[in-house]
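A short worksheet on the structure shown next.
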Amino acid sequence: MTNELAPDGPELQPDMMGDFADEGGSEDASQLLPPIRELPTDREFVPGAFYAIHAADGQPSGKQLGEILGSALFQSLADVHIFGRNAGEEPWLEVGPLTPEPAQVLVAQELLPGTGQPLAQDDLEMFEMVAGRVAKTLGRAKQPPKEDAATGAARSAKIAALKGKLSDRFGLAVAGSFDLAQVTDCCLCLGMKRAGDVFAWLGGQAMGDPVFQVAVDGAKLAPGAKGKSPRITISYAVAGVKQPRKVLERIFAACHYFTKRLGGTLQLLDGSPAEDGVARGEHPKLEALIKKVTDTGLKPGHLVTKRLV
């Protein structure tokens, strides 16, 4: 489809500095942490996260979906998403009002909405009516769902029960002796934002959740913090980011900057030596944490998965 996200498309980092918006570092080293570019796969349909209904295949009219369905529909679908593709071998990618009508359409309800509460059977039966209206407006028949509403509600409850069980963190640390003011300066130079008593990197976005955070052992990185710490830690919730391996690459780059300026020894968060693969975003422990997420039928960084962290 013509509006698919390009692999090298623009990326976005949240501004969380608040009262410290004018605070800056001694140099600008933010180019060492380029944004992690969003991929088309970041917008793919994740079966385990949704209750979905297909519309019958159709002949694309050449019109945008907003013209056919109305832009207001997309604004009102808080927990409902529309996916499309033009051939069965293509992945399902989320579509919007500016997307040309695809040949195949899938309407999907998040099984864990923003409330964090599981859906009841009645909720999914109401969704089926919404999906039916979408199909009717497109001039296509609504296909029977592959699972009934009761089964979907049971899956919703199972997902909600995972809350807090996908909160595992991974990352790197730099061990040595570090002046807190210098650690703060390094974070600011790298373009990080204050987030309470730690620093956060938001991946180039203007708003949103931190991608990873920087903290120090035995102290807080509050404004004006003084003293020393034996270790700098940089960590992230693996389930909460879309491209966990790329995040590890950025963390390695940040650690390299810390060691270049402040010295210290690179290690994993548990104190064990960091293997060479971390520079490429590779580590067996990280792969195990990614598998822990995918084994649930979810995907790291998906909006449903993030609600479980």
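With the structure loaded, tell me whether residue 134 is farther than 16 Å from residue 78 by Cβ, buried (at least 18 other Cβ atoms within 10 Å of the Cβ) and under 29 Å from the mean Cα position of the chain (by Cα) or whether it fails that test. Against the criterion (farther than 16 Å from residue 78 by Cβ, buried (at least 18 other Cβ atoms within 10 Å of the Cβ) and under 29 Å from the mean Cα position of the chain (by Cα)), residue 134 does not qualify. For region 141-184, the candidate set comprises residues that are among the charged types (D, E, K, R) and assigned to a helix (DSSP H, G or I); within that set, the residue that is farthest from residue 226 (Cα to Cα) is 155. Flag set for residue 112, criterion: of a type in the set (A, V, I, L, M), surrounded by 19 or more Cβ atoms within 10 Å (Cβ to Cβ), under 22 Å from the mean Cα position of the chain (by Cα) and not in a helix (DSSP H, G or I). As a summary of the residue check, residue 232 satisfies the conditions (1) in a helix (DSSP H, G or I); (2) over 23 Å from the mean Cα position of the chain (by Cα); (3) β-branched (Val, Ile, Thr) except for the one numbered (1). Considering region 257-281, and only residues there that are free of Cβ contacts under 8 Å to residues at least 12 places away in the same chain and part of a helix (DSSP H, G or I), the residue that is surrounded by the most Cβ atoms within 10 Å (Cβ to Cβ) turns out to be 277. Selection of region 198-223 for residues being part of a loop (DSSP other than H, G, I, E, B) and over 23 Å from the mean Cα position of the chain (by Cα) yields 217, 218, 219, 220, 221, 222, 223. Mind checking which residues of region 71-86 are touching a residue at least 60 places away in the same chain (Cβ under 8 Å), of a type outside the set (Lys, Arg) and not in a helix (DSSP H, G or I)? Within region 71-86, 84, 86 qualify. The single condition among (1) under 22 Å from the mean Cα position of the chain (by Cα); (2) over 17 Å from residue 40 (Cβ atoms); (3) not charged (D, E, K, R) that residue 91 does not meet is (2).
A single member of 200, 253 is within 21 Å of residue 38 (Cα to Cα), assigned by TED's automatic domain parsing to the domain that holds residue 26 and surrounded by fewer than 17 Cβ atoms within 10 Å (Cβ to Cβ), and it is 253.
Read through the list (1) surrounded by fewer than 21 Cβ atoms within 10 Å (Cβ to Cβ); (2) at pLDDT 95 or above; (3) farther than 30 Å from residue 159 by Cα, then give the number of the only condition that residue 65 fails. Among (1) surrounded by fewer than 21 Cβ atoms within 10 Å (Cβ to Cβ); (2) at pLDDT 95 or above; (3) farther than 30 Å from residue 159 by Cα, the lone unmet condition for residue 65 is (1).
The values are calculated or read from the model by the stated rules, or taken from the named source; none is laboratory data. Quick caveat, the model's predicted, so the values are computed rather than measured. A quick note on method: Cβ atoms are made from the backbone with ideal geometry, for glycine too, and the neighbour counts reach across all protein chains shown.
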